[in-house]
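All remarks here apply to the structure that follows.
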Amino acid sequence: MYDLSYFRNDLDAIAKRLADRGFSLDVEAFRKLDTERRAALAESEQLKAQRNIESQEIGKLKKAGQDTSERQQKVREMGEREAALSKQAEAADEAFRAMMAGIPNTPHESVPTGRSAEDNVEVRRWGTPPEFAFEPKAHWDLGPELGILDFDRASKITGARFAVYWGAGARLERALINFMLDVHTREHGYTEVLPPFMVNSASMYGTGQLPKFAADLFKLEGTDYWLVPTAEVPVTNLYRDETLDLDKLPVKLCAYTPCFRSEAGSYGRDVRGIIRQHQFQKVELVKFSRPETSYEELEGLTRDAEDILQRLGLPYRTVVLCTGDVGPSSAKTYDIEVWLPGQNDYKEISSCSNFEAYQARRASIRSKSGKGKAEFVHTLNGSGLAVGRTWLAIIENYQQADGSVVVPEALRPYMGTDVIKSVGS
């Protein structure tokens, strides 16, 4: 969502930048609708002013005993015309809001121009992928062999793209959640929040999931409740329709939630294992920032997410998404991709984004100091991290020739063991 004056002042340049991300803005339709809306408002205001003058004159003439029936009829006609124009302006306003709501965010000037993920740019790499004296297995084989991951029973009780974790597998998931929350709250300066796992449509609209991504969401039948696709939605909307104290920014929050996604747009990608599930756990980082420092905050948020991988000893690379791959609400996004030996590839484990004022304008989140003018904050978020993908990265990177998995040192106090062995061992 945008400030209308921002569009009017530089429409052609904005249209060009949006074209870089594959969005075609109908400039002529925009200008036509804006012109009609402004003309209706202007004429309505003019008629209102004239009608007030006429009404005052009629009052004077009546006091003087003169016949005012003709002028009263004229005022009634002006009133009818004014009402019609007001409806016309309201309809144009509604159409305009719908058009604006469907326009994605303008990519930041530092975002590389490109059409797809092939054009994303790697900015750094950490760690060295492990070398094995044996053929490394994928987690979808290792997990069931260890007796810690069960797809068959999950399919029986629910369906495809769900998993059951057993024993050390469930404990590893829980250990990762606690480890991530502890690091982010005790060392990175975030405040922990436990939000509802269901949200209303206004919340989904505020962060940009609605109306565009309705097909990727799960809605509770007969209600206005949606299962959260990410903690970004409830945590960002904590301050919807509120004004924050500018002097207390940035506000840094983190939250664990399960996440629910229909994955309607995945088209068969990563269907094996737990890389792309309908239900998964995540620890999310959310910031509310001053506009002038939001890109510094983005770098900091990305480093906080990377720190988790470094502490776990998991190799990764960080890429900046190009204009054709960045999400519709984001002005700039870094993807952190962890190395997975079982797939011999890097896979996304966190997306860290600066939405600038795009979400804040939709959700009406402002800040001000003293008697200063309120302005929209900048919102940022990123996974810190996706728990399931961290789980499988550990299983694959720390696997041993005998089928066991070494527990990273940072997790051992949470796990109570140094190694995960087969249930039958």
| Can you give the net charge of the other residues whose Cβ lies under 9 Å from the Cβ of W339, counting K and R as +1 and D and E as -1? | -1
| task | Could you state the angle between the C-alpha long axis of helix 387-397 and the longest principal axis of the C-alpha atoms of the chain, as a value from 0 to 90 degrees rounded to the nearest 10? | result | 30 degrees
| note | Carbon plus sulfur, as percent of the 1.4 Å-probe accessible area of the chain, comes to 48 percent
| message | Projecting each Cα onto the charge dipole of segment 332-425 (Lys/Arg +1, Asp/Glu -1 at the beta carbon, about the Cα centre), which of A363, C352, P341 comes out farthest on the positive side? | response | A363
| remark: With a Förster distance of 60 angstrom and the Cβ-Cβ distance between T293 and I53, calculated FRET efficiency to the nearest 0.05 equals 0.70
| field | Lys/Arg +1, Asp/Glu -1 at C-beta; the chain dipole; positive extreme among I148, H378, Q46 | value | Q46
| note | In this structure, the FRET efficiency calculated for N344 and R31 from their beta-carbon separation, with R0 = 56 Å, to the nearest 0.05, is 0.65
| Rounded, prolate or oblate: which one fits the chain, using the alpha carbon gyration tensor with axes a ≥ b ≥ c (rounded when a/c is under 1.5, else prolate when a/b beats b/c, else oblate)? | prolate
| Roughly what % of Cα-Cα distances in segment 362-411 sit above 15 Å, to the whole percent? | 67 percent
| remark: With every protein chain kept in place and a 1.4 Å probe, the residues K156, K32, K287 fall, from largest accessible area down, as K156, K32, K287
| query | In nanometres, what is the gap between the two model label sites at V271 and R317, each 7 Å from Cα along Cα-to-Cβ? | reply | 2.7 nm
| said: At 1.4 Å probe size, what's the solvent-accessible area of R124? Round to the nearest 10 Å². | reply: 80 Å²
| request: Kindly report, to the nearest 10 Å², the accessible surface of W126 as traced by a 1.4 Å probe over protein heavy atoms only. | output: 90 Å²
| note | Length gained if Q46 through R124 is fully extended, taking 0.36 nm per residue and subtracting the Cα-Cα distance, is 22.1 nm
| query | At R71 and D152, where each label point lies 7 Å from the Cα along Cα→Cβ, what is the point-to-point distance in nanometres? | reply | 9.3 nm
| remark: Links exceeding 30 Å between C-alpha atoms in this model, out of K212/K371; K212/K332; K219/K287; K156/K219; K137/K252; K87/K371, come to K212/K371; K137/K252; K87/K371
| note | Computed over the chain, protein heavy atoms only, probe 1.4 angstrom, the accessible area per residue in square angstrom equals 48 Å²
| request: With a 1.4 Å probe and every protein chain left in place, tell me how much accessible area K137 has, in Å² to the nearest 10. | output: 80 Å²
| note | segment 275-425: relative contact order from alpha carbon pairs under 8 Å, six or more residues apart, as a whole percent, is 27 percent
| field | Helix-only CD estimate at 222 nm, as mean residue ellipticity for the chain, using -39500 (n - 2.57) per DSSP H run (n ≥ 4) | value | -13000 deg cm²/dmol
| note | Between R186 and V406, the two model label points (7 Å from Cα along the beta-carbon direction) sit apart by a distance in nm of 2.4 nm
| field | Mean-position separation - Cα centroids, segment 221-244 and segment 132-174, in angstrom | value | 31 Å
| said: Just to be sure I follow: if Rg is taken over the C-alpha atoms of segment 189-277 and Rh is the Kirkwood radius over the same atoms, what is Rg/Rh? | reply: 1.03
| query | Tell me, what is the FRET efficiency for T113 and D241 to the nearest 0.05, using R0 = 30 angstrom and their Cβ-Cβ distance as r? | reply | 0.25
| request: Work out the charge dipole of the chain with +1 on the Cβ of Lys and Arg and -1 on the Cβ of Asp and Glu about the Cα centre, then indicate which of T128, Y316, S294 is farthest towards its positive end. | output: S294
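The values are calculated or read from the model by the stated rules, or taken from the named source; none is laboratory data. Note that the structure is predicted; figures quoted are calculated from it, not measured. Cβ sites come from the backbone with ideal geometry, for glycine too, and all protein chains shown count toward neighbours. What goes into the accessible areas is simple: the full protein's heavy atoms, side chains included, and nothing from ligands, DNA or RNA. Shrake-Rupley method; radii C 1.70, N 1.55, O 1.52, S 1.80 Å.
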